[in-house]
1. Can you give me the relative contact order of the range B:11-91 as a percent, contacts being Cα pairs under 8 Å and 6 or more apart?
2. Can you list the HN-Hα couplings for the range B:178-195, worked out from phi with the Karplus curve (6.51, -1.76, 1.60; θ = phi - 60°), rounded to whole Hz and with x for Gly and Pro?
3. So if I place +1 on the C-beta of Lys and Arg and -1 on the C-beta of Asp and Glu, and nothing else carries charge, what would the dipole magnitude of the protein assembly as shown be about its Cα centre? I want it in debye, nearest 20.
4. Specify whether the C-alpha gyration tensor of the protein assembly as shown places it in the rounded, prolate or oblate class, a ≥ b ≥ c being the square roots of the eigenvalues: rounded for a/c under 1.5, otherwise prolate if a/b is larger than b/c and oblate if not.
5. So what is the diffusion coefficient of the range A:10-214 in µm² per second by Stokes-Einstein at 37 °C and 0.692 mPa s, using a Kirkwood Rh over Cα pairs?
6. If you put +1 on each Lys and Arg Cβ and -1 on each Asp and Glu Cβ, how big is the dipole of the range A:10-214 around its Cα centre, in Debye rounded to 20?
7. Hey, what's the Cα Rg ratio for chain B versus the globular rule of thumb, 2.2 N^0.38 Å?
8. Grab every C-alpha pair in the range B:64-200, bin the distances at 5 angstrom width from 0 up to the longest one, and report whole percents.
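Bear in mind these aren't lab numbers, they're just calculated from the coordinates by the rules spelled out. Note that the structure is predicted; figures quoted are calculated from it, not measured. FYI the Cβ positions are ideal-geometry reconstructions off the backbone, even for glycines, and counts take in every protein chain you see.
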Amino acid sequence: MNWDWGAVADFMPHFWDGLLVTLQALVLGSLISFALGLVWALLMRVPTRWVTWPVGIVTEFVRNTPLLVQLFFLYYVLPEWGLTFSALTTGVFAIGLHYSTYTMQVYRAGIEAVPVGQWEAATALNLPLRRTWTVVILPQAIRRVVPALGNYVIAMLKDTPMLMAITVLDMMGEARLFSQQTFRFTEPLTVIGVAFILISYLASVLLRTLERRLVR
Amino acid sequence: MTSGLWELVLRGVWVTIQLLFFSSLLAAAVSFVVGIARTHRLWIVRFLAGFYTEVFRGTSALVMIFWVFFVLPPAFGWQLVPMWAGTLALGLTYGAYGSEIVRGALTAVDPAQQEGGIALSFTPWQRMRLILLPQAVPEMIPPFSNLLIELLKGTALVSIMGMGDLAFSGNLVRLALQESAEIYTYLLLIYFVIAFLLTRMMRGLEKKLKAGVGKAPQKKVAAVRVPEGSGVR
């Protein structure tokens with residue numbers, strides 16, 4: 001094993017650029033998945049099968065197929081249909097969509113965990129449906145599911161390297177580019193491997209603190 | 001699409017299935033060894049197993065694959081056949097997730113069962129083999145089924161390394177036809193069908209194992225991954 005600290009030093013500027021892109025993709029992807037997941041979860045509660053069946057089938061399909069192929073699909077097929085986005089935008093949307101099918105189940109569990117009494121009280125107070133959701137059910141449901149959503153943020157972090165496959169220069173993309181230019185594979189790959197472990201470990205510690213504060 | 005291109009896709013399906021089979025075997029072995037080690041009496045064994053889980057769960061599967069393909073060969077002077085390199089990377093990563101499932105199911109067994117084993121002066125290994133595992137394994141099947149689907153989705157990553165799996169052959173077809181909507185739709189459908197078959201298979205297995213301990217299978221399982229920092233609840 002020949003480890004060269006010089007190569008690490010050369011890689012570091014690229015690493016910071018890549019980290020920035022990775023975090024960008026992570027934050028935007030999380031926001032999309034949180035919002036879209038809530039939409040799916042609410043649609044699944046519409047009392048007609050004309051809505052629940054299509055939504056159920058689509059989300060099941062998205063959840064059970066590889067994110068990588070979905071990325072390729074969006075990256076190569078959307079331009080054929082006349083929609084051209086940057087690689088990063090496509091990637092963020094793909095990650096958000098993929099993980100929204102997971103977060104929808106988290107929201108569903110959260111909504112189902114709200115005690116029936118809360119629904120009955122809302123009915124007794126003659127609250128309209130909209131108010132029931134926005135001021136009674138959702139605030140209680142979302143509070144419960146924050147830690148579970150956090151787990152998916154960590155899972156998403158570990159899927160961002162896939163964006164490399166559609167030419168996004170995230171941490172992985174920068175590492176690959178550097179390796180191809182300098183023929184040094186060991187250093188950049190190890191640096192980003194350690195970076196992933198550190199970030200996800202810190203995030204999980206943060207989550208545990210959050211969990212203690214929110215779920216009592 | 002011509003029949004030649006379909007043949008290419010079918011060969012890709014075969015590689016994906018082979019990779020899925022081998023890496024799930026390795027992942028299952030790793031999850032049981034590491035998961036059981038995390039319930040060991042000696043703290044050093046528990047610590048090492050926990051360290052393994054944190055490291056392999058903390059890093060990304062794709063980074064792991066790159067590492068096995070590019071860093072291991074110069075470091076140790078030997079190179080793995082792509083199939084085994086892919087199996088190793090996927091098996092070790094998903095094994096770390098699986099070890100949490102095994103640990104969770106083992107700790108969920110009623111403590112009275114464990115105490116009963118001690119009272120009857122079973123050795124630790126006998127307790128594990130005759131009391132804990134037979135009750136814990138059926139409970140592991142639903143989360144393992146979800147993990148297997150994750151592993152199937154993970155196999156697509158090896159295509160980035162140029163291994164001729166389903167996703168890779170899909171890219172070749174796209175280049176040949178200069179047209180992407182059709183082939184990628186087929187690709188997604190094929191993956192979905194494989195995932196569907198796997199879920200059915202696992203549900204059958206669960207039914208069989210639960211019948212063995214006199215329980216009915218769980219009704220509906222949500223595909224929620226093993227929580228990251230907090231263990232299995």
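1. After rounding, I find 41 percent.
2. Each residue of the range B:178-195 in turn: 6, 7, 10, 4, 5, 5, 5, 5, 4, 4, 4, 5, 4, 4, 5, 5, 4, 4 Hz.
3. 1800 debye
4. Rounded, because the longest to shortest axis ratio a/c is under 1.5.
5. Translational D for this selection: 173 µm²/s.
6. The dipole of the range A:10-214 has a size of about 800 debye.
7. Here the answer is 1.16, to two decimals.
8. 2, 9, 14, 13, 13, 12, 11, 10, 7, 5, 3, 2, 1, 0, 0
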